[in-house]
Amino acid sequence: RAGISKQAVGKLLKDLEDASLVTRSQDESDGRAQIIFFTDAGVDYLQQIHASIKSIEQEYEAILGKQEVENLRSSLSKLAYAENAPPK
């Protein structure tokens, strides 16, 4: 669903784990699966990212207005999910 390989997901998880943002544990109901948990530091980091995104959106709204920002978001979403989008 993420549109990236299993190897890329594994590397990303290792990087996040090395940064102490997530931990992994085996899924007891499925030995092939792992459960990923955010650490307290990981949750703090997500909250910081969310606050930064909100701040940027507020700046854009101050310049463009709320409706134009919604139009921009919609247009960017269409481009990102277009069937004919250039390969990533």
| Can you give the convex hull volume per residue for the Cα atoms of the chain, as a whole number of Å³? | 150 Å³
| message | Restricting to DSSP H runs of at least four residues, report the calculated mean residue ellipticity at 222 nm for the chain, -39500 (n - 2.57) per run over all residues, nearest 500 deg cm²/dmol. | response | -21000 deg cm²/dmol
| Can you name the helices of the chain, as whole DSSP H runs, whose Cα span along the helix axis is 30 Å or more and whose Kyte-Doolittle mean is not below -1.0? | 40-64
| Under-5 Å amide H pairs with GLN34, H placed in peptide plane, nonlocal only | ASP27
| request: Could you calculate the FRET efficiency of ALA82 with GLU17 from 1/(1 + (r/R0)^6), where r is the beta carbon distance between them and R0 is 41 Å, rounded to 0.05? | output: 0.75
| query | Which of rounded, prolate, oblate describes segment 40-88, given a ≥ b ≥ c as roots of the alpha-carbon gyration tensor eigenvalues and a/c under 1.5 marking rounded, otherwise prolate only if a/b is larger than b/c? | reply | oblate
| field | For the chain, size of Cβ-based charge dipole, Lys and Arg +1, Asp and Glu -1, in debye | value | 400 debye
| Sequence-separation-based contact order of the chain, relative, with Cα cut under 8 Å and 6+ spacing, percent | 15 percent
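Computed from the coordinates by the stated procedures, all read-outs in this text should not be read as laboratory data. Predicted model only: the values in this text are computed from it and were never measured. Positions of Cβ are generated from backbone atoms using ideal geometry, with glycine treated the same way; all protein chains shown enter the neighbour counts.
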